[in-house]
Amino acid sequence: MINKQNFFTRFFGGIRIQLALWNALFFLLIITILAGYFYFGLRRTLYKGAAFFLGHETQEVASMLKRQPFGLELVQWIDKELSERPEYSSSYQILDSKRKVISYAGGGGFEDVLKRLDALQVKKNSEMFFDVKDPKGKRYYVAAYVSADDRGQTVNYIFIGSYLDVIHEKLQIYLDKLFWMLPNLFLMAVIFGWVLAWFALRPVRRITKKMEAITVNKLDERLTLKGSGDDFDRLASTFNTMLARIQNSYERISQFTSDASHELKTPIAVMKNQIEVTLGKKRELAEYQDVLVSQLEELERLSQLIESMLFLARVDNGQVKLHAERVSLGKLLDELLDFFEPLHVSKNVQLAQKLSDEIVVRGDKTLLRQLLFNLVDNAINYNRPGGKVCIEAAPEGHQVVMKISDTGRGIAAEHLDKIFDRFYRVDPSRSSGITNYGLGLSVCKAIVSAHEGTIHVESQLEQGTVFTVSLPF
Ligand SMILES: Nc1ncnc2c1ncn2[C@@H]1O[C@H](COP(=O)(O)OP(=O)(O)O)[C@@H](O)[C@H]1O
Ligand SMILES: [Mg+2]
């Protein structure tokens, strides 16, 4: 039972919250990767825009300087150009071929560019870009243009730079938004995942509920399948199969108990009645003795029955242990035949045993004796007067195959597969003998199975029956 301490687990549903968290974590990872990708993409685009503008301006200035000497007109033109794109808040510097500053506006930081230009292999008449720091340590993006004449002599150095504050602001806003969004997205993913898991696991709750409702009296209940063949359907169908097995065993046990009670009830009632009648009046000593003898016989039969029932119950519980040894079937049968002597004589049945002492199997002597006893007992009991019983055995491969055949009344085909069932008798009214409760063959089957052998029967009505038992060496 689920106790109250587990309320948390129950409410959030251990698996559900786990699924939701994993799902959210994975989602977060993907979002972060995507966000990073977009961040750098955006940065590149913004920088490209700035580079395009700044580079283009340096080009223009260079070509104007080539056409006309430096003067006020040019300065005005530059101011006007740069003021058209205030977001780049540009500053510039123009040097002559001797690196003397001929014009500048805005912040500094260009000395650094010059130094870095010297360290490079400069491509003249084309723009280059530098990420430098101004004296205050602030980042500064500069387009540099080394303008040269037809002979390749440097005429001017043109630098136009920008702090790109707008770009950095934009990127910062992006980052801020992202950091605000991520925890929210995570939370949403957890909730969404949880709800999803809740829906997805509905069949489990349905199955659980149904299982809780199944008791011994409701073993015929089955889970309904959706027919989709998904995991839950498979679980449900496995559960149904298990339930069917349990139901089957349970019904067999109930049947066995009720049959057993019934079998015990009748003889006990008869005995009770007999004693009551006997005690009803005073009788001769011989009469009392008669009654006691018949009661003893009845008690013997009952104790046989109980013995068989106990044995079968122990087989069902897997409690039967074999004391395996080498057993000679011939010798075993010899011992039994003495016992059967009075019976087959009274029934006028001939016994033929074709077993040599060398026929040996590996098994439990007591159980094998019981097996032989039950089969021979049947063969004599269900025979006709003047009939025959033949017992033979021969090794075949890794087994000994033993046949017990009789010339009796035979068994009709419709009964053949049932005679090994517990308490099954073809014709209860005609059963006779010491153990005629219908357990003999069940016990035989259990013994043979315990020895990992097989038993089967062939029969023809009014002709006879053959039981074939295969036992390993
Ligand atoms: N050799 C046989 N010939 C004909 N019928 C048989 C033979 N052996 C068993 N049977 C049938 O199978 C039934 C079950 O046998 P068994 O389990 O030994 O029970 P029981 O002998 O106590 O009736 C018997 O009642 C009988 O009808
Ligand atoms: Mg029998």
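Nothing in this text is a laboratory measurement; each read-out follows from the coordinates by a stated rule. All figures in this text were calculated on a predicted structure; none of them were measured in a lab. Cβ coordinates were reconstructed from backbone atoms using ideal geometry, including for glycine residues, and neighbour counts include every protein chain displayed.
Given a Förster radius of 25 Å and the C-beta distance between residue 64 and residue 174 as r, what FRET efficiency does 1/(1 + (r/R0)^6) yield to the nearest 0.05?
It comes to 0.10.
Given points 7 Å out from each Cα along the Cα-Cβ axis, report the residue 290 to residue 75 separation in nanometres with one decimal.
Label-label distance for residue 290 and residue 75, simple model: 15.6 nm.
How large is the dipole of the chain about the Cα centre if only Lys and Arg carry +1 and Asp and Glu carry -1, each at its Cβ, rounded to the nearest 20 debye?
Value, rounded to 20: 1880 debye.
What is the order of 146, 426, 293, fewest Cβ neighbours within 10 Å to most? Let's see the in-between values first.
Values: 146 22, 426 17, 293 10.
Ascending number of Cβ neighbours within 10 Å: 293, 426, 146.
Please report, in debye to the nearest 20, how large the charge dipole of region 228-286 is about its Cα centre when each Lys and Arg carries +1 at its beta carbon and each Asp and Glu carries -1 there.
640
For 126, 346, 405, what's the fewest-to-most ordering of other Cβ within 10 Å of each Cβ? Can you show the working numbers first?
On the way: 126 14, 346 10, 405 19.
Least crowded to most crowded, the residues run 346, 126, 405.
Name the residue from 346, 152, 18 whose Cα lies farthest towards the positive end of the charge dipole of the chain, charges +1 on Cβ of Lys and Arg and -1 on Cβ of Asp and Glu.
It is 152.
Please arrange 419, 191 by counting, for each residue, the other beta carbons lying within 10 Å of its beta carbon, fewest first.
Taking fewest neighbouring Cβ atoms as first place, the list is 191, 419.
For a quick check: with amide H placed at 1.01 Å from N, whose amide H comes under 5 Å from residue 126's, ignoring anything fewer than 5 positions away on the same chain?
When sequence neighbours closer than 5 places are left aside, the close amide H contacts are 146.
Report the normalised scattering of region 97-248 as log10 I(q)/I(0) at q = 0.18, 0.19 Å⁻¹, calculated by the Debye formula with identical scatterers on the alpha carbons.
For region 97-248, the Cα-only Debye profile gives -1.05, -1.11.
Counting only complete DSSP H runs, which helices of the chain cover 24 Å or more along their long axis at the Cα atoms and score a mean Kyte-Doolittle of -0.5 or above?
14-67, 165-200, 231-279, 285-316, 329-347
So how strong a dipole does region 27-171 carry about its Cα centre when Lys and Arg Cβ are +1 and Asp and Glu Cβ are -1, to the nearest 20 debye?
Dipole size: approximately 420 debye.
Using θ = phi - 60° and the Karplus curve 6.51 cos²θ - 1.76 cosθ + 1.60, what whole-Hz ³J(HN,Hα) does each residue of region 453-461 get, with Gly and Pro shown as x?
The phi angles translate into x, 10, 9, 8, 10, 10, 8, 10, 4 Hz.
Given the convex hull of the Cα atoms of the chain, what is a quarter of its surface area in nm²?
The orientation-averaged projected area of the Cα hull of the chain comes to 48.7 nm².
For region 361-445, what class follows from the C-alpha gyration tensor (a ≥ b ≥ c being the square roots of its eigenvalues): rounded when a/c is under 1.5, otherwise prolate if a/b is larger than b/c, else oblate?
It comes out prolate by the Cα gyration axes.
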